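Asks: Have a look at this one.
The values are calculated or read from the model by the stated rules, or taken from the named source; none is laboratory data. All figures in this text were calculated on a predicted structure; none of them were measured in a lab. With ideal geometry, Cβ positions are generated from the backbone for all residues, glycine too; neighbour counts draw on all protein chains shown.
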Amino acid sequence: MAIPLRRGLRRAGPDAPAPEQQPSPPAPAAGQEEIRRQNLGAVLRYVHLHGPTSRAELTGRLGLNRSTIGALAGDLAAAGLVTEEVPTTARRAGRPSLVVSPCATRVCATALSIEPRRLRAARIGLGGRILDQRETPRPYGSSPLDAVAPLADLVRGMAGEDGIRYAGGAVAVADTIRDPDGTVRVAGADDALVAALDAELGDARPGRPGFVAGDLADIAALAEHTRGVAAGVDDLLYLHGDRGLSAGIVTGGRLVVGHGGRSGKVGHMVVDPGGRRCGCGSRGCWETEAGTDALLRRAGAAPGTSPLAVLRAAALGDAVARDALHGVAEWLGFGVANLVNVFNPDLVVFGGTLREVYAAGAGTVRRRLDSMALPASREHLQLRAGSLGADAPLIGAAELAFGSLLNDPLHALTAQ
Ligand SMILES: [Zn+2]
């Protein structure tokens with residue numbers, strides 16, 4: 001699959017190879033150097049996603065011959081991107097196949113997220129492990145650009161030991177921002193934000209990787225699609241809950257981005273024309289009934305209360321909390337049924353705060369879905385909570401940040 005990236009993303013273009021993509025046969029005109037670059041990328045991508053892998057298995061998985069894999073792994077090891085070791089337990093007699101592992105602590109990406117209530121920064125190693133993570137509250141109503149300085153402080157606070165090399169950075173930006181006057185607008189995953197991050201944290205040398213920005217729901221969807229519950233599923237709907245609802249939609253292995261990358265605002269799908277006024281100016285938007293704020297309102301909890309408190313109360317039998325959960329789960333199923341009829345995905349993943357809401361109200365969501373969605377759209381459909389939890393936006397941002405390195409392993413790194 002290939003995930004085309006939104007306008008404003010600087011490094012990974014629409015033709016960037018996808019994580020699971022194996023090297024396609026080179027065009028006859030492709031030079032040897034280009035073939036080598038693609039093959040180096042395929043080997044590095046494989047161990048990045050699957051962890052330590054023997055040369056023998058790489059040979060089989062990537063369809064390249066043994067001596068080619070040996071040469072490629074040797075080049076990657078010489079570049080400090082992988083290590084090669086004799087396996088500790090050899091399964092067969094004879095010379096064991098060396099195990100190729102990503103340099104998980106020496107080659108890193110900077111992953112950032114700008115969320116409605118908090119800002120987060122993480123250092124994530126090649127292979128996808130979070131090595132360090134920091135967060136700070138986000139002032140209500142502040143703009144994404146206001147987040148640059150505190151994010152830079154978080155990053156500087158977690159600087160690792162000498163010798164770490166950086167593949168670049170990416171930031172996941174929550175799709176909608178509420179201005180102090182309550183107006184909802186779509187946040188800019190835009191050039192100004194990227195330029196400000198590059199100025200604060202980037203490597204100014206020409207040709208070095210800069211920051212990439214993208215919509216948080218899209219990036220979390222990418223994470224679940226690459227490493228989480230949706231791995232291997234090419235038609236999926238990822239729903240992210242925070243204050244509102246948004247979606248990352250993958251069809252045929254491609255992320256639906258729309259004009260300017262602004263698609264997926266499913267929280268503003270009108271489900272009740274006579275319903276409550278939404279912050280976007282419309283009335284009866286889905287997120288006014290199925291979002292976290294709706295859960296708190298139904299439960300009589302103060303805005304800003306953790307939705308987990310309501311879910312815990314519901315689990316303990318509190319009647320008001322149970323009714324609140326039931327109502328939100330009904331509306332969640334209502335909206336999902338409509339989206340399922342439109343996109344016909346194989347899998348719906350619930351992320352962000354929806355992860356817990358879905359886990360608590362799964363039966364209600366499924367019943368509503370079964371009563372509304374077309375049989376052809378629902379019979380094969382699976383509903384799952386995201387497996388990466390709150391880390392999904394950061395893990396997805398790191399995947400974006402590693403894109404250049406995985407496309408051209410020998411020419412993308414920058415020293416700390
Ligand atoms: Zn709205």
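Asks: Quick check on my filter: what residues within the stretch 276-303 are out of contact with any Leu (no Cβ under 8 Å at 6 or more places or on another chain) and within 10 Å of the ligand (Cβ to nearest atom)?
Replies: Those that are out of contact with any Leu (no Cβ under 8 Å at 6 or more places or on another chain) and within 10 Å of the ligand (Cβ to nearest atom): R276, R277, C278, G279, C280, G281, S282, R283, G284, C285, T288.
Asks: Sticking with this structure for a sec: Name the helices (runs of 4 or more DSSP H) wholly within the stretch 27-138 that hold at least 2 residues that are closer than 30 Å to L197 by Cα? Let's see the steps before the verdict.
Replies: Values: elements: 32-50, 55-62, 66-78.
Ranges flagged: 32-50.
Asks: Checking the condition farther than 28 Å from G141 by Cα and more than 25 Å from the chain's Cα centre (by Cα), which residue from A319, A324 passes? Talk me through it step by step, then tell me what you get.
Replies: Values: A324 fails: farther than 28 Å from G141 by Cα.
Of the residues listed, the single one that is farther than 28 Å from G141 by Cα and more than 25 Å from the chain's Cα centre (by Cα) is A319.
Asks: Pick from the stretch 246-275 the residues that are more than 12 Å from the ligand (Cβ to nearest atom) and of a type in the set (A, V, I, L, M): which of them is nearest to E330 (Cα to Cα)?
Replies: A247
Asks: Does L239 satisfy being in contact (Cβ under 8 Å) with a residue 12 or more places away in the chain, under 30 Å from L197 (Cα atoms), touching a strand residue (DSSP E or B) at 6+ places or on another chain (Cβ under 9 Å) and away from the ligand (no atom under 15 Å from the Cβ)? Steps first, answer last, please.
Replies: On the way: in contact (Cβ under 8 Å) with a residue 12 or more places away in the chain: yes; under 30 Å from L197 (Cα atoms): yes; touching a strand residue (DSSP E or B) at 6+ places or on another chain (Cβ under 9 Å): yes; away from the ligand (no atom under 15 Å from the Cβ): yes.
Yes; evaluated as a whole, the condition is true for this residue.
Asks: Surrounded by fewer than 16 Cβ atoms within 10 Å (Cβ to Cβ), on the phi > 0 side of the Ramachandran plot and either modelled with pLDDT under 95 or not in a strand (DSSP E or B) (or both) - does that describe any residue in the stretch 149-156?
Replies: The answer is no, given that none of the residues of the stretch 149-156 is surrounded by fewer than 16 Cβ atoms within 10 Å (Cβ to Cβ), on the phi > 0 side of the Ramachandran plot and either modelled with pLDDT under 95 or not in a strand (DSSP E or B) (or both).
Asks: Scan the stretch 260-301 for residues that are among the β-branched types (V, I, T) and at pLDDT below 90 and jot them down.
Replies: Initially, the stretch 260-301 is screened for residues among the β-branched types (V, I, T), giving 266, 270-271, 288, 292.
Scanning the stretch 260-301 gives a single hit, T292.
Asks: Report every pair of residues separated by at least 6 positions or lying on different chains whose Cβ atoms are under 6 Å apart, first residue within the stretch 278-293 and touching a residue at least 60 places away in the same chain (Cβ under 8 Å) and more than 12 Å from V266 (Cα to Cα), second aliphatic (A, V, I, L, M) and part of a strand (DSSP E or B).
Replies: Going by the 6 Å Cβ cut-off, the qualifying pairs are G279/V184; C280/V184.
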